[in-house]
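Shown next, in structure tokens, is the structure this report addresses.
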Amino acid sequence: MEHYLPHSLSDEDVVKLYCLTTDPQYYTILYNRYARKVYHKCLALTRDEELARDYTQDIFLRLLTKLEKYEGRSMFSTWLYTLTRNYCVTQIRSVRTRPEELTAEYYGLLIVEDQESGDHRLGVLQQAIATLTMQEIEILRMKYFDDLEMTQISKELRLNVSAVKMRLKRSRDKLRMRMERLNTL
């Protein structure tokens, strides 16, 4: 086998070499390449630096046992991104994130003209978010807070692009309708 410098190896080759040898240098290469990216993904999903650091460490510990399951059907980075997203979503669901904690994220979707109006709209948004499912919240978060393209969302959710567009539209419409209904009360 030719001798490659670690930085010249593809991610897929590093995974293969790690699985064959269990040499920690290969795992370290993956960690060095992706720790920052995984942390930022965790931070985008949790909006909490401490949780993001903890989740990043947990994900890389899980990666040790999951590397052998990587089949190479997608790029390693996509596979790791999916693993990261799934782990974070599972953790968030297990904590049962309260709707009022999500409200601050969605507050940025509103155009606030003055503080009183903003406070009222924030309250309405909080109530409207409480009526959404976790799947609806997740697709809105992926599009508007993680700034993912439709193709990336479709890969993450394992749906075709048209299904993603439809779910996103329905989630936006549901949120908008609930807000309008709450505004008239």
Test: ARG121 is at pLDDT below 75, crowded, with 18+ Cβ neighbours inside 10 Å and either of a type in the set (Lys, Arg) or closer than 27 Å to ASN183 by Cβ (or both): yes
Of the residues in the range 60-77, those that are open to solvent by less than 100 Å² (accessible area, probe 1.4 Å), within 14 Å of VAL14 (Cβ to Cβ) and in contact (Cβ under 8 Å) with a residue 60 or more places away in the chain come to GLY72, PHE76, SER77
At positive phi and over 21 Å from the mean Cα position of the chain (by Cα): does that describe THR28? no
Test result for GLU136, exposed (fewer than 15 other Cβ atoms within 10 Å of the Cβ), closer than 26 Å to HIS40 by Cβ and either touching a residue at least 60 places away in the same chain (Cβ under 8 Å) or out of contact with any Asp or Glu (no Cβ under 7 Å at 6 or more places or on another chain) (or both): no
Does ASP173 meet the test of being at pLDDT 65 or above, in a helix (DSSP H, G or I) and of a type in the set (Asp, Glu)? yes
For the range 135-161, the count of residues that are modelled with pLDDT of 80 or more and farther than 20 Å from THR78 by Cβ equals 4
Out of the residues in the range 12-31 that are without any contact (Cβ under 8 Å) to a residue 24 or more places away in the chain and out of contact with any Pro (no Cβ under 9 Å at 6 or more places or on another chain), which is least open to solvent (accessible area, probe 1.4 Å)? LEU17
Cβ-Cβ under 7 Å pairs, at least 6 apart or on other chains, the range 148-176 side within 13 Å of GLN135 (Cα to Cα) and among the polar types (S, T, N, Q), far side open to solvent by less than 50 Å² (accessible area, probe 1.4 Å) and part of a helix (DSSP H, G or I): SER171/GLU136; SER171/ILE139; SER171/LEU140
Considering only helices (runs of 4 or more DSSP H) fully contained in the range 1-89, which possess at least 3 residues that are within 18 Å of LEU148 (Cα to Cα)? 24-46
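The values are calculated or read from the model by the stated rules, or taken from the named source; none is laboratory data. Since this is a predicted model, take the numbers as computed values, not measurements. Please note: Cβ atoms are built from the backbone with ideal geometry, for glycine as well, and neighbour counts cover all protein chains shown. Note: accessible area is taken over every heavy atom of the protein model, side chains too, but ligands, DNA and RNA are not part of it. Shrake-Rupley method; radii C 1.70, N 1.55, O 1.52, S 1.80 Å.
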